[in-house]
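Step one of this worksheet: look at the structure below.
The values are calculated or read from the model by the stated rules, or taken from the named source; none is laboratory data. All figures in this text were calculated on a predicted structure; none of them were measured in a lab. Cβ placement follows ideal geometry from the backbone for every residue including glycine, while neighbour counts extend to all protein chains displayed.
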Amino acid sequence: QIQLFTSLSLYLPFFEWIIGGDFNCPLDTHTDRSSPVPLPLLHTAKAILAYMTDYGPIDSWCHLHPTSREYSFYSHAHQTFSRIDFFIGFHKMIACDFLSHFILDHSPICIQLKAPDDSHTSFRWRFNSHLLTRDDFIRELRSVISEFFQFNKSPPSSHDVIWEAFKATIRGKIIAYLVACKKSFQKQMSDLEIELRRAETNHYKTNSTETREQVALRQHELNALSNSRVEKASLHVVVDKAGKLLTWQLRCEKTERFIPSIQVSDTTTSCFPEIINKSFTDYYSSLYSTQYDVRVSKGPMISFLDKLNLPTLSEDAKILLNSSLGLSKILAEPLAIALHSTP
């Protein structure tokens, strides 16, 4: 850690940096921990505090909330809270807050920096093909198309003007639908995050089994809602979108593995997936099944083994092997090994 901050100090004359993450140590063992048991500062915390004193970076959350207590991690083993996730830097922080955690065991940190405005590039709108899998969107789109061409016909205006107007109208409807879906999803996430925040606050105060169950329940609901959004995004990747390298690679791989037809017999070729799957099942079943009948091959196998001159045990050796092992033999064997062993 000391080498890291020493290396960062070399860049101070050129630009101001900011670094954040899980440092796995509290900077103040009194205010950054819920346990009243005193603990000494770790070596990492001492290095960070020494660097902050020498070069002037600040802990963003502690700087903006000097009198508040909030934690980012809960230890189930020790049943204590601690603030071990933070941002350190020179940038002027406008806001820094802990968010509710429902995927990881650490609370995420949201910071707002005062940075110069960047020049925005032009945005090219693209249609989200995943919307075609939603029945409510299809119904609304059909209604909009029918209504548009009902009131906009070719005699008053040219075909080019109608087509351009239609594209602008349908684009506006799609954008409005996406905005409404986004607002609905954000409202659900916001309501669940507020409920999770209240449950976490009660858990901070009481640290009981009931509040822990409430936190786990809200985390599960938020995680399920977030995963549903991720699954929709993953389905959106595999749709046909020109210019996307990943989609092109997946499409090529799917095309290479596709079997359009199979020759069932010498003169018959089938294109039905059921027959193709059954043909492969029958082929591999016969391939990995035994090729010999035990009842038929038992006689030749015994006659072959009878012709071999295999070594056999004598009657005395059989009696010796089947005899019981006494205590005297067990005690005498280590002594005999020791006498015949190499010094």
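Kindly check whether there is at least one residue in the range 34-51 that is under 20 Å from SER107 (Cα atoms), of a type outside the set (Phe, Trp, Tyr), without any contact (Cβ under 8 Å) to a residue 60 or more places away in the chain and outside any helix (DSSP H, G or I). Checking the range 34-51: at least one residue is under 20 Å from SER107 (Cα atoms), of a type outside the set (Phe, Trp, Tyr), without any contact (Cβ under 8 Å) to a residue 60 or more places away in the chain and outside any helix (DSSP H, G or I). Here is the figure for the range 76-104: residues that are under 24 Å from THR29 (Cβ atoms) and out of contact with any strand residue (DSSP E or B) (no Cβ under 7 Å at 6 or more places or on another chain) total 7.
When ALA180 is tested against (1) more than 43 Å from the chain's Cα centre (by Cα); (2) at pLDDT 85 or above, only condition (1) is not met. Among the candidates PRO57, PRO40, the residue that is more than 24 Å from THR201 (Cα to Cα) and either charged (D, E, K, R) or modelled with pLDDT of 85 or more (or both) is uniquely PRO40. Among the residues making up the range 52-86, those that are under 15 Å from LEU104 (Cα atoms) and surrounded by fewer than 16 Cβ atoms within 10 Å (Cβ to Cβ) are SER75, HIS76.
Summed over the range 233-269, residues that are modelled with pLDDT of 50 or more and part of a helix (DSSP H, G or I) total 13. Within the range 313-343, being of a type in the set (Ser, Thr, Tyr) and at pLDDT 70 or above holds for SER314, SER323, SER324, SER328. Could you check, for the range 224-232, whether at least one of its residues is more than 23 Å from HIS106 (Cβ to Cβ) and among the aliphatic types (A, V, I, L, M)? No, there is no match, as no residue in the range 224-232 is more than 23 Å from HIS106 (Cβ to Cβ) and among the aliphatic types (A, V, I, L, M). For PRO13, indicate whether it is over 33 Å from the mean Cα position of the chain (by Cα) and modelled with pLDDT of 80 or more. No.
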